Structures are given as structure tokens and as C-alpha cells.
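Visitor: Have a look at this one.
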């Protein structure tokens with residue numbers, strides 16, 4: 001929200017960013033997702049950003065155990081979870097100290113005063129209580145004894161103090177729901193469903209929720225604070241739901257299986273932040289989905305390749321460290337020319353890096369990270385909902401061109417949610433696969449389609465098409481093993497030409513925002529889409545000569561990108577890495593693409609990209 | 001294994017591909033290949049439904065020489081490819097070809113897991129106690145003291161016994177045979193193929209170039225009667241040279257060890273000798289560890305236990321879910337809370 005001002009009735013705001021922060025055991029992710037759910041029902045556009053520690057249960061009260069959930073909701077079309085929060089909810093001193101730096105000056109701070117004990121203050125590194133030393137005077141503070149009020153609210157249920165205190169997140173949620181004019185009924189329904197077998201837990205949480213809501217209604221909040229309302233956003237008509245990137249991905253893969261008529265076989269190994277795709281697909285067995293939790297990343301991809309040879313849509317899902325382990329098997333799939341979808345849900349690297357934080361630093365690994373000349377088609381999804389469509393696109397290309405395809409998403413897309421207009425299956429193009437059953441004249445496994453250069457997908461079990469394939473180089477004309485120098489040259493060129501040919505099968509590169517030529521072009525890929533789009537729109541509203549191109553097909557690049565890049569005086573490339581797409585663009589097109597790099601494990605803020613735009617325009 | 005057998009009577013030729021074989025002259029692999037090619041027609045195997053899948057190494061060239069479906073994969077990973085393939089098409093009759101380096105070293109993890117899962121396929125492990133394709137380095141089954149390019153002063157690594165490792169991983173069908181004993185090897189393959197689950201067959205194989213004679217202490221015809229124990233379910237475990245005394249195995253009194261007894265000595269009769277029971281897992285462990293000079297090596301089926309095959313359980317879960325769960329994709333996309341914008 002832009003400003004808070006005193007009002008007797010609800011003050012209308014265009015947009016609000018709230019961050020819930022607390023101990024990883026305080027239920028902040030749950031609080032955030034319930035607020036999100038109700039907000040979606042209210043008809044606002046929204047975007048969320050869960051940010052949690054790698055530790056499952058870090059010691060309570062510590063700064064490294066702080067878990068956060070940010071939601072941005074508005075009465076208009078928004079694309080990011082927001083830069084700085086307007087409202088910060090801090091459930092303890094550690095949550096305050098790690099998040100207060102982000103809160104807008106003049107922003108609203110809601111704190112659980114009775115969690116600011118000596119011991120908690122010490123763990124957070126406070127020498128004195130910030131609620132008492134005027135260090136928070138830049139903010140409007142609502143400090144409440146949330147723990148005591150929660151205990152009072154749930155007292156009738158006779159729970160022990162520890163269990164009773166678990167409801168303090170619901171008390172807080174109740175207050176925040178009231179503050180922004182939201183009802184609590186959806187959360188009540190959800191609690192009754194979630195704790196159907198433990199009704200006393202459901203009812204005590206509901207009591208806390210209602211108490212928080214009632215507190216807002218009856219208590220006198222400090223002057224100048226709330227209540228507020230955020231009117232509905234004008235979204236394209238249709239049926240909507242909230243969706244995270246990983247759910248969209250799992251559903252997209254399942255939809256691809258339906259659209260192609262192929263059985264989906266997933267080989268996967270648990271890894272953050274990709275595991276929830278394995279979980280989601282494991283629940284979809286009724287759609288004929290087979291999930292195989294392998295003994296390691298290598299076995300996971302190998303099983304997927306084996307499944308592909310057998311005529312399934314073979315898929316493996318992982319994150320960067322897993323892709324490194326799978327590299328040899330992906331190279332084999334390139335050599336075998338079998339379809340395979342590899343999904344890399346990127347996280348901070350190198351090595352174990354920042355498992356729960358987001359980054360885009362696997363791009364070069366995706367494009368180049370294998371032995372030999374091994375061209376691989378690489379795609380990237382731009383938003384959580386886009387993961388659905390890009391999963392289908394990856395499967396389409398893989399089966400049409402008989403090649404592995406790597407789809408890049410990241411931790412931010414994986415866990416972030418957005419309202420998503422639900423497609424109807426009937427409107428999605430089918431891409432049915434037919435396996436050869438007759439032995440054509442001169443059949444061999446590397447007999448190519450003259451247009452796509454794809455080889456036939458002859459599957460074991462088919463009489464008359466018995467053949468042998470493997471990682472050794474094959475003769476172009478017979479498919480037999482060949483060490484002939486000229487043949488290897490020809491086969492390497494052929495594999496490259498096949499992948500290059502994919503560019504003719506995908507739409508030309510479009511300009512996302514602005515003109516097709518001019519002064520400054522901002523080129524992005526993947527999850528930076530929202531922040532870049534918002535920044536470019538704002539710059540253009542101020543009359544600045546800037547356009548945006550967003551790349552979904554990273555290898556090969558779509559046709560027309562060359563012309564677009566050359567149509568601008570300057571090209572900048574914001575990326576959450578140390579400069580990877582900028583390197584590819586320089587190598588491919590010999591243009592002076594300038595990187596705008598952020599490698600903090602956090603997504604770009606809109607204003608960071610606006611600042612980069614301004615700085616480039618000044619120096620133009 | 002394959003439910004519908006082809007009408008035509010097939011011969012060895014039908015299972016022989018047109019590819020030139022590139023193993024060294026005298027390699028034990030030739031004998032194993034010939035035995036498979038001769039055996040498959042006798043059990044009504046269908047080349048279209050038969051798959052040979054291998055990793056990397058000399059033995060892993062095997063699929064190229066079979067006129068069936070063949071897949072020459074990457075080092076050590078064949079069991080993983082095979083698992084994915086079997087889950088996709090459980091009707092296929094899959095043979096994984098591996099060696100002591102491929103299966104026990106780089107692929108040890110996959111071998112362990114395919115065995116414990118009990119995926120319905122056959123694994124033939126060619127054990128020549130050496131790395132052949134990379135020119136003679138010692139392998140996980142090489143004995144201590146073996147001099148090789150990478151152990152010029154002799155290996156100090158303790159070797160692994162493949163059958164013991166398989167049993168430890170939970171394998172339920174474990175057999176052992178010898179490359180040149182076609183009359184034993186062929187029937188062993190038939191038993192393995194008939195088993196529903198993972199069949200593990202270790203074949204003692206000779207590499208004439210880098211480790212010639214690694215199994216001579218077992219195969220030497222002059223003493224083969226004493227160095228090989230041919231296991232038969234329900235039969236006493238007897239062995240011995242034709243013209244020498246008959247010997248047998250029995251449990252050493254008050255211990256959990258086997259001992260060799262000679263019939264006719266100290267009142268020992270055939271009734272004192274243990275009878276092979278291929279469903280007895282503790283006995284399989286004891287048999288798997290026997291080796292010359294103190295014991296004969298046990299050949300044949302060491303263990304055969306019935307258990308659910310992994311692929312069958314996976315398919316059953318999917319089929320049952322299809323009966324009771326959601327199958328409409330449009331409905332799936334609309335599960336949970338949705339709202340309409342006018």
C-alpha cells in the first residue's frame with residue numbers, strides 16, 4: 001500500500017504487501033497460504049513468495065530458524081510478490097531482526113510482544129528490547145500480547161500451554177484478515193477439514209482465529225491504523241485457482257501424457273526444491289502415472305530413459321546437483337535419440353549451495369554441461385502457471401524430435417503461487433504419438449525423418465523391428481557401430497542440425513512489452529519475468545524508451561531474436577546468476593549484452609530493475 | 001515369461017544378429033553367448049519381446065550380437081534402465097548383462113537396489129576378476145596380491161563374493177555357473193528365466209588376455225569333481241572325482257559352519273549329508289561363501305524364494321488407482337478452491 005492514513009471507515013488501497021515472519025515451527029507458511037486463499041476468493045490479483053530455512057526445525061528463537069511468507073495482493077494485475085512489505089508480522093525477536101530492514105518506512109509492524117523475552121532477545125542478538133528503546137519509531141507498531149490472548153481464547157479446550165500456543169498463528173491471521181476486510185470462513189472450513197479426526201484441535205484453532213478477528217473489531221488500534229480494503233482486481237473472465245509452479249508442472253506433465261497418448265513414467269530422487277513434483281505425481285496414479293523413487297539421481301534419469309525406450313513419456317525431475325549427476329545419462333539419451341523430459345528446478349549453487357533459495361545459475365550447465373558435442377533443447381518457464389504450459393511444450397518437442405529436453409524453473413516459481421486461469425483440456429493441442437509397427441524397406445534405428453531428422457521410435461515388443469542401440473557412435477546409413485572418422489563428423493553435425501531445427505517449430509520471438517526496436521531492450525528468461533515486466537511497464541509509463549523480450553526457448557533460440565537484439569542501442573540482461581544468458585547472447589549474436597546480476601538467493605525487486613534501466617538510459 | 005509364444009519353431013540362428021563379434025579369440029564370452037542363443041529357442045522365447053540390456057565393459061557388448069531388442073547403456077547403470085523399461089512394459093523378457101567391474105564397482109548401488117526390489121528380470125554377471133576393456137586393472141573380485149597395471153605391487157583390496165553380496169541385498173534367486181559348462185549353464189538360464197522376480201546368475205568367466213586361468217583352480221578337469229558342487233534341489237550335496245572317494249557336506253556339530261565329510265570314513269553314510277533346499281536362505285549364505293581349496297565351489301541354484309515382483313506391484317497400484325480415483329484431467333485442474341471472474 002502506498003500510504004496509511006487515518007480513516008473512520010475502511011480505506012481503499014490499490015495494493016498491499018504483507019510479510020508473515022516467525023519461527024519455522026510457528027506455522028508461518030500455513031498462515032500465509034490461508035491468507036492467500038482468502039485473498040484469492042476476494043477477487044484480488046496476487047503473487048506469493050515463501051522463504052524458509054533449509055533446516056527442518058532449527059532451534060527455536062534463532063535467526064537462522066526464521067521462516068517467512070510474503071504476499072502481494074492488489075486491485076490490478078500484478079506480477080511479483082512485491083519489493084518491500086507494507087506490513088510485517090513478526091512473531092518473535094529473531095523474525096523482527098531478520099526482516100525489519102525490508103519494511104517500508106512508515107509501514108505497519110505487528111509484533112507478538114510477549115515473545116520478546118530475555119532469552120529470545122538474546123538469541124536474536126538484541127542487547128535491549130527494541131519495543132522499548134524507540135528504535136522502531138520509523139514504523140507504526142502494533143505490539144500485542146498475542147501469546148497471552150491466544151492462551152485465553154483456547155483455554156476452554158484444556159490443552160497444555162505448548163499445544164495451546166500453537167494456535168497463535170491463527171490468532172494473528174484472524175487479526176490480519178480483519179485489518180484487510182477479509183472473512184475467516186474459508187479458513188474455518190479448511191481447519192475443520194484438515195483436523196477432521198482431531199476436532200478439539202480444529203475448534204481451538206478456530207477459537208483463536210475468531211478471537212484475533214474480534215480483537216481487531218473491538219479493540220482500539222493505535223491512531224492512524226486501518227482498517228483497510230483492497231477492491232477486486234479486473235482479471236480476464238474465466239475460472240481461476242491458485243497454483244504453485246511445482247503443482248502446475250506436475251499437472252502439465254500429466255496433461256502432456258493425455259495429449260500425447262503416452263504413459264507418463266517419472267524417475268526421481270528427493271531433492272529440494274523439486275521433491276513436491278514427485279509427491280504430486282505420486283498422487284496421480286489414477287491418471288496412469290507411474291512414479292519411481294530411485295536409489296539415486298542417476299538411476300532416476302536412467303529409469304526414465306529406459307521407460308522412453310519402452311514407449312513411455314520418460315521424465316525426471318530434480319535440481320542443479322541432480323542434473324550434474326544425470327549428465328552422462330542425458331548424453332546417452334542424446335546419442336540414443338530418445339525423448340526425455342528433464343526438469344531442473346534451480347536453487348542456489350554451486351555444490352549444495354542454498355537449497356531452499358532461488359537462483360538461475362544452471363543455465364550454462366543445461367546448455368553445455370555434458371561430455372562431447374551434445375546439443376540439448378533447453379526451455380524455461382516464466383511464471384508458476386507457465387510451468388503447466390512449458391511442461392507440455394517440453395514433452396511435445398521431445399517426442400516430435402526424438403530428443404531429451406531440459407525444462408528450467410526455479411525455487412521461486414516452484415513454491416510461489418499466483419491466480420491461474422484454468423484451461424480446458426479440449427483447447428490444448430494434442431500431439432499424438434504413433435509407434436511404427438511395420439518394417440519399412442531398409443529399416444534401421446537411425447533411419448531419419450527428412451524434415452525433423454528424428455529417428456523412428458520403434459519400441460521393444462514390436463515384431464520385426466528388433467534393433468540394437470547404445471552409447472557408441474552409429475553409422476549414419478545402417479545404425480551399426482561405427483568408428484569411421486567421416487561418419488562421426490557427419491553424425492555430430494546431424495545431431496546438431498536436428499536440435500537447431502527445433503527453432504523452425506516454435507513461434508518467432510515476440511516483444512513482450514514495447515516496440516520492436518529503440519533505445520533500450522531488457523532481455524530476461526525464467527522467473528524474472530514478473531519483476532522485469534513490472535519494471536519495464538513503470539518505466540514506459542514515465543515515457544522512458546525501453547522494451548522487453550522474454551525468452552522461453554533458450555536452446556535453440558527462437559527465430560527473430562537476432563533481429564530484435566540488433567534493433568536496440570543497448571541490451572541489458574537481468575539474471576539471478578553471475579551472467580549466463582548474457583554470455584550466450586554474446587556468443588551467439590556478437591552483441592554487447594550487459595548483465596544485471598543478483599546472486600543473493602532472493603528474487604529481483606522491481607525497483608532494482610528500474611534502477612538498472614535508469615542507469616543504462618542515463619549512459620546511453 | 002512371455003505370455004504369447006510365436007508359432008514358428010525358432011533356432012539359434014533366429015537369435016543371432018548380423019554383427020561381427022569383437023571379443024578376443026578364446027574369450028569366455030563366446031561360450032556364454034552361444035549358450036544363450038541355443039537356449040532361448042528351446043523355451044519358446046520371442047525375439048520381439050526379448051531385451052538384452054548392458055552397461056559398459058567387454059561383457060556389455062553382448063546385446064549387439066543378439067537378434068533381439070538390445071540396449072548398450074552407460075557404465076554400471078543397466079539395472080536402472082531395465083527397471084524403467086520393465087515398469088513401462090512388464091511383458092518384456094529382460095536380460096541385464098554385466099561384469100564384475102560394471103555390476104559390482106561403478107554399478108554396485110543399482111545392483112543392490114534392483115535385487116532388493118525384485119524387478120522381474122535376469123542379471124547375468126560375467127565374473128572374470130579383472131577389467132578387460134580398460135586393459136587389465138584389478139576388479140572388485142580380484143584376489144589380494146593380484147598384480148595389474150594399477151596394482152604393480154599387488155592388490156591389497158579385499159575382494160567381494162558376488163553371490164554373498166546379492167544375498168545380502170535381498171536377492172531371492174541366486175545361481176552360479178561356469179562359462180564353458182554349457183550343459184549346466186543353459187539349464188541355469190532356463191531356471192532364471194522362469195523365476196518371477198530378479199534372478200541373479202554369476203558366471204565364472206575366463207579372460208584369456210588379462211587374467212587367463214583365474215578360475216583354473218575350479219575348472220581344472222583333473223580335479224573338477226572335488227572343486228565343483230553341483231546343487232540340485234532335494235538331492236544330497238555330494239561331490240568327488242569319478243575314481244576317488246565320494247564326499248559330501250554336512251553341518252559341523254555345534255557350529256554354524258559346513259564341513260566336508262568322506263563317505264565310508266568314520267561310519268559316514270549318504271544319510272549324514274545335507275540335502276540341498278533352494279528355499280533355505282541361511283543355507284544359501286553358507287553355500288555362497290564356499291571356495292577351493294578347502295571346499296568345492298557351489299554351482300546351480302543356491303536360492304529360490306517366491307516373493308512379489310516389483311513391476312507387478314507397481315502396475316497393480318496404478319490399475320487399482322484407475323478404478324477408484326479421479327481420471328478426468330479437467331476435473332483435476334479444478335480440484336480444491338476455484339472462483340469465477342465474470
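Visitor: If I take every Cα pair under 8 Å that is 6 or more residues apart in chain A, average their sequence separation and divide by the length, what percent do I get for the relative contact order?
Guide: Here the relative contact order equals 12 percent.
Visitor: Using R₀ = 25 Å, calculate the FRET efficiency as 1/(1 + (r/R₀)^6) where r is the Cβ-Cβ separation of residue A:425 and residue B:312; round to 0.05.
Guide: My answer for the efficiency is 0.20.
Visitor: Hey, another quick one. Starting from the exponent 0.38 and prefactor 2.2 Å, build the expected Rg for the range A:511-619 from its residue count and divide its actual Cα Rg by it.
Guide: My calculation over the Cα atoms of the range A:511-619 gives 0.96.
Visitor: Per-residue mean of other chain beta-carbon atoms within 10 angstrom of the beta-carbon, peptide B:316-325?
Guide: 4
Visitor: Report the antiparallel proportion of the DSSP beta bridges in chain A as a percent, rounded to a multiple of 5.
Guide: The answer is about 35 percent antiparallel.
Visitor: Stokes-Einstein D for the range A:317-465 at 10 °C, 1.306 mPa s, Kirkwood Rh over Cα pairs, in µm²/s?
Guide: 93
Visitor: Here is a follow-up. Can you give the FRET efficiency for residue A:492 and residue B:133, using 1/(1 + (r/R0)^6), R0 = 25 Å, r = Cβ-Cβ distance, to the nearest 0.05?
Guide: Computed FRET efficiency for residue A:492 and residue B:133: 0.60.
Visitor: Hey, another quick one. Using just the C-alpha positions of the range B:23-97 as equal point scatterers, what log10 of I(q)/I(0) does the Debye formula give at each q in 0.13, 0.17, 0.24, 0.28 1/Å?
Guide: With no solvent term, the Cα-only Debye profile gives -0.38, -0.64, -1.15, -1.34.
Visitor: For residue A:611 and residue A:452 in the same chain, what is the full-extension length gain: residue separation times 0.36 nm, less their Cα-Cα distance, in nm?
Guide: 52.8 nm
Visitor: Relative to the first principal axis of the alpha-carbon coordinates of chain B, what is the inclination of helix B:182-194, with its axis defined by its Cα atoms, in degrees from 0 to 90 and to the nearest 10?
Guide: Around 30 degrees separate the two axes.
Visitor: Quick one: compute the contact order of the range A:148-258, relative version, from alpha carbon pairs under 8 angstrom and 6+ residues apart, as a percent.
Guide: Taking the mean separation of contacting Cα pairs over the length of the range A:148-258, I get 31 percent.
Visitor: Ok, one more. Roughly how crowded by other chains is peptide A:468-476, in terms of the mean Cβ count from those chains within 10 Å of each of its Cβ atoms?
Guide: Across the residues of A:468-476, the mean count of other-chain Cβ atoms within 10 Å is 5.
Visitor: Report, to the nearest 10°, how far helix B:78-88 tilts away from the longest principal axis of the Cα atoms in chain B, using its own Cα long axis and a range of 0 to 90°.
Guide: 40
Visitor: Sticking with this one: What percent does the relative contact order of the range A:11-229 come to when contacts are Cα pairs within less than 8 Å and at least six residues apart?
Guide: Relative contact order of the range A:11-229: 20 percent.
Visitor: Per residue of B:62-71, how many C-beta atoms from partner chains lie within 10 Å of its own C-beta, taken as a mean?
Guide: Per residue, the number of nearby Cβ atoms from other chains is 5 on average.
Visitor: Could you work out the equivalent-ellipsoid semi-axes for chain B, taking the square root of 5 times each eigenvalue of the Cα gyration tensor, largest first, in whole Å?
Guide: 39, 25, 21
Visitor: When the Kirkwood hydrodynamic radius is evaluated over all pairs of different C-alpha atoms of the range B:242-342, what value in angstrom, to one decimal, is obtained?
Guide: Computed over the range B:242-342, the radius equals 19.2 Å.
Visitor: For the range A:24-103, max minus min Cα coordinate along each principal axis, in Å, sorted largest first?
Guide: Its Cα atoms span 39, 23, 18 Å along the three principal axes.
Visitor: Peptides A:486-498, A:536-548: what's the order by average Cβ count within 10 Å, highest mean first?
Guide: Packing proxy ranking, top to bottom: A:536-548, A:486-498.
Visitor: Under 10 Å, Cα contacts only: if you run a Gaussian network model on chain B, which one of B:301, B:203, B:43 comes out with the highest mean-square fluctuation?
Guide: Comparing B:301, B:203, B:43 in the GNM, the peak value goes to B:43.
Visitor: Please report how far the C-alpha centroid of the range A:131-161 lies from that of the range A:18-67, rounded to the nearest whole angstrom.
Guide: About 18 Å separates the Cα centre of the range A:131-161 from the one of the range A:18-67.
Visitor: Rounded if a/c is under 1.5, else prolate if a/b beats b/c, else oblate: with a ≥ b ≥ c from the C-alpha gyration tensor eigenvalues square-rooted, which is the protein assembly as shown?
Guide: It comes out prolate by the Cα gyration axes.
Visitor: Taking 2.2 N^0.38 Å as the expected size of a compact globular protein, what ratio does the Cα radius of gyration of the range A:11-229 give against it, to two decimals?
Guide: Normalised Rg, Cα atoms only: 0.96.
Visitor: If packing is taken as the mean number of other Cβ atoms within 10 Å per residue, what is the order of B:97-106, A:79-88, highest first?
Guide: Going by the mean number of other Cβ atoms within 10 Å, highest first, we get B:97-106, A:79-88.
Visitor: Going by alpha carbons, how many degrees (0 to 90, nearest 10) lie between the helix axis of A:485-500 and the longest principal axis of chain A?
Guide: Once rounded, the angle reads 40 degrees.
Visitor: Pop the C-beta distance of residue A:122 and residue A:516 into the FRET formula with R0 = 56 Å and round what comes out to the nearest 0.05.
Guide: The computed FRET efficiency comes out at 0.40.
Visitor: Using alpha carbons only, how many angstrom separate the centre of the range B:129-143 from the centre of the range B:13-47?
Guide: 24
No value in this document is a laboratory result; all are computed from the given coordinates. Given the structure is predicted, the values throughout are model-derived calculations rather than measurements. Neighbour counts are summed over all protein chains in view; Cβ atoms, including those assigned to glycine, are modelled from backbone coordinates with ideal geometry.
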